[in-house]
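Colleague: One structure, as structure tokens, below. Some questions next.
Read-outs throughout are calculated quantities, based only on the coordinates presented, and are distinct from any laboratory measurement. Predicted, not measured: the structure shown is a model, and the values here were computed from it. Because the Cβ atoms are built from the backbone with ideal geometry, glycine has one as well, and the counts that use them run over all protein chains shown.
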Amino acid sequence: MYNFDFQRAASVADAVAALQDEDAQALGGGQTLIPTLKARLAQPTTLVSLTGIPEMLGVTVTDGAVTIGGATTHAKVAAETATTYPALSALAGGIGDPAVRNRGTIGGSLANNDPAACYPAAALGSGATIVTDKREIAADDYFQGMFATALDEGEIVTAVRFPVPEKATYQKFIQPASRFALVGVFLAKYADGFRVAVTGASEDGVFRWTEAEEALAKDFRADALMDLHILPDNMIGDIHGTKAYRAHLVRVMTQRAVEALL
Amino acid sequence: MATVTMTVNGKSVSGDVEGRTLLVQFLRENLKLTGTHVGCDTSQCGACVVHVDGAAVKACTMLAVEADGTTVATIEGQQAEDGTLSTVQKAFQDYHGLQCGFCTPGMVMSATALLKENPKPTEAEIRHYLEGNICRCTGYHNIVKAILAASGQEVPAIAAE
């Protein structure tokens, strides 16, 4: 690792001020950033730690929504949403391994937007709102491609607000070495319809499979998806699975999600 | 350089570290607590698992400065003052839950964290919890048996066979 200065922000305002320096970098739980720094793929002059900011910690439930502070760990989300939003709890409890879940944060995951991460599927599949230090961004506008988001330089995810669906499930085909999703599908049923969000599959990162949403609105059965096909062109192809394999898995995992909700 | 202070295995310790100093480096190189191992250095293998404020973490993927002001427990702190092994350590010995021993510190720390969270885990829950701890010798069977035994549950003859 190249060396850097470390600064622990005490408040969001504090962190925003420290991140004005263009070579400063926000640090959540570090479960992606620290390995990245070890590989010398980044060279910030200052790391600004967000995990000690009280206003960014914890889970609150109000009016059919679950709001999670950006610096809340996966373990805490898993524990504290178990009754209010079980599908989100299960997703958080399946990220990485227990030690990773004790450090990694939801804000860090969403700011990084790894194309195989789990949280982007939950946020997009729930139509969540990404709350930052200066605005609120709808999940549909937030994810802008592999490792790309609507966040500006130095903008911080302070919280994420999930409207709680009538029912939901996350089906993850795990890549056993990395424990990321080879393909993961988040399916949620709201009063106004279904949302299907797919992670792990596309070169453009997480996406909504709107054809499946429409088909399920008409006929909520796994077989209703039999004639739908994802084109392999934009799928990720690597040593773990070809483009065609991932395209196939998207439908299979979506069908499993439907079965899980029936 | 920054000065960090933390409680490690019940003792207050301080040291000067760079921003980039990992917690595991601080433990091993500054404090000479070399029981915490570095296996992969990529947060895959779990040989470096320690507890920070009671939670199992991978000490290779946490900065020493992030641990400033915390309470850290390592494998060296698991036994009693008089050398009596902890329940988990004793069970690893009794059930031969190790071969080369390299992964053992992390296994013991993860197992101890699991039993605090879930005092009577099933075999499946134990295996799931150990997802982030890799052992290249034993194939995990005796480790799982040891943890079942440490939880005070019967170790079925067929367990983990």
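Colleague: Any idea what Rg and Dmax come out to for region B:87-150 if you just take the C-alpha atoms, in Å?
Modeller: Rg, Dmax (Cα atoms, Å): 10.1, 28.
Colleague: May I ask you to evaluate 6.51 cos²θ - 1.76 cosθ + 1.60, the Karplus curve with θ = phi - 60°, for each residue of region A:63-71 and list the ³J(HN,Hα) values in order in whole Hz, giving x for glycine and proline?
Modeller: So the Karplus estimates, Gly and Pro as x, are 6, x, 10, 10, 10, 10, x, x, 9 Hz.
Colleague: Let me check against my output: what whole-number percent is the relative contact order of chain A, with C-alpha pairs under 8 Å and at least 6 apart?
Modeller: On the way: 609 pairs, mean separation 39.1, N = 262.
Normalised by residue count, the contact order of chain A is 15 percent.
Colleague: Under a 5 Å amide H to amide H cut-off, with H placed in plane at 1.01 Å, what residues pair with A:LYS167 once short-range neighbours are removed?
Modeller: For A:LYS167, whose amide H was placed from the backbone, the distant partners under 5 Å are A:LYS189.
Colleague: What pairs from B:LYS11/B:LYS145; A:LYS76/A:LYS243; A:LYS134/B:LYS116; A:LYS76/A:LYS134; A:LYS76/B:LYS145 go past 31 Å between their alpha carbons?
Modeller: B:LYS11/B:LYS145; A:LYS76/A:LYS243; A:LYS134/B:LYS116
Colleague: Could you work out the longest stretch of chain A that avoids the GluC sites (Glu not before Pro) located in DSSP loops with at most 16 other Cβ atoms within 10 Å?
Modeller: Details: sites that count: A:GLU22, A:GLU153, A:GLU166, A:GLU203.
The reported range is A:23-152.
Colleague: Give me the net charge of A:MET226's neighbourhood, meaning all other residues with Cβ under 11 Å from the Cβ of A:MET226; Lys, Arg count +1, Asp, Glu -1.
Modeller: Values: positive: A:ARG221, A:ARG251; negative: A:ASP219, A:ASP223, A:ASP227.
Surrounding charge for A:MET226 is -1.
Colleague: From the C-alpha coordinates alone, can you work out the Kirkwood hydrodynamic radius of chain B, in Å? Please list the in-between numbers first.
Modeller: Working: mean 1/r = 0.0627 Å⁻¹.
By the Kirkwood definition, the hydrodynamic radius is 16.0 Å.
Colleague: Can you tell me the Rg and Dmax of region A:167-261, counting just the alpha carbons, in angstroms?
Modeller: Rg then Dmax for region A:167-261, in Å: 12.6, 40.
Colleague: May I pose another question? Taking H as built 1.01 Å from N, whose amide H comes closer than 5 Å to the amide H of A:VAL66, not counting residues under 5 places away?
Modeller: A:PHE162, A:VAL164
Colleague: Hey, what do the phi angles of region B:23-30 turn into as Karplus ³J(HN,Hα) couplings, whole Hz, using 6.51/-1.76/1.60 and θ = phi - 60°, x for Gly and Pro?
Modeller: 4, 5, 5, 4, 5, 7, 8, 7
Colleague: Something else about it: Using the Karplus curve 6.51 cos²θ - 1.76 cosθ + 1.60 with θ = phi - 60°, work out ³J(HN,Hα) for each residue of region B:90-106 in order, rounded to whole Hz, and write x for Gly and Pro.
Modeller: Values per residue, Gly and Pro as x: 4, 5, 4, 5, 4, 9, 6, x, 7, 10, 7, x, 5, 7, 4, x, x Hz.
Colleague: Using only the Cα atoms of the protein assembly as shown, build the gyration tensor, take square roots of its eigenvalues as a ≥ b ≥ c, and label the shape rounded, prolate or oblate: rounded if a/c is under 1.5, else prolate if a/b is larger than b/c, else oblate. All intermediate terms of the calculation are to be shown ahead of the outcome.
Modeller: On the way: a/c = 1.93, a/b = 1.28, b/c = 1.51.
It is oblate, given that a/c is not under 1.5 and a/b is not larger than b/c.
Colleague: For region A:1-109, which trypsin sites (Lys or Arg not before Pro) are both in a DSSP coil and crowded by at most 10 other Cβ atoms within 10 Å? Don't skip to the answer; put the middle values down first.
Modeller: On the way: sites: A:ARG8, A:LYS38, A:ARG40, A:LYS76, A:ARG101, A:ARG103; in loops: A:ARG40, A:ARG103.
For trypsin sites (Lys or Arg not before Pro) across region A:1-109 that sit outside H, G, I, E and B with at most 10 neighbouring Cβ atoms in 10 Å, the list reads A:ARG40.
Colleague: Report the charge-dipole magnitude of the protein assembly as shown in Debye, nearest 20, computed about the Cα centre from +1 at each Lys and Arg Cβ and -1 at each Asp and Glu Cβ. Can you show the working numbers first?
Modeller: Working: 32 positive and 47 negative charges, 211 e Å.
Around 1020 debye, computed over the protein assembly as shown.
Colleague: Could you put A:THR73, A:THR32 in order, starting from the residue whose Cβ has the fewest other Cβ atoms within 10 Å?
Modeller: Details: A:THR73 24, A:THR32 19.
Ordered by Cβ neighbours within 10 Å, fewest first: A:THR32, A:THR73.
Colleague: Going by C-beta contacts inside 10 Å, put A:PHE207, A:PHE186 in order with the fewest on the left.
Modeller: Arranged by neighbour count, lowest to highest, A:PHE207, A:PHE186 become A:PHE207, A:PHE186.
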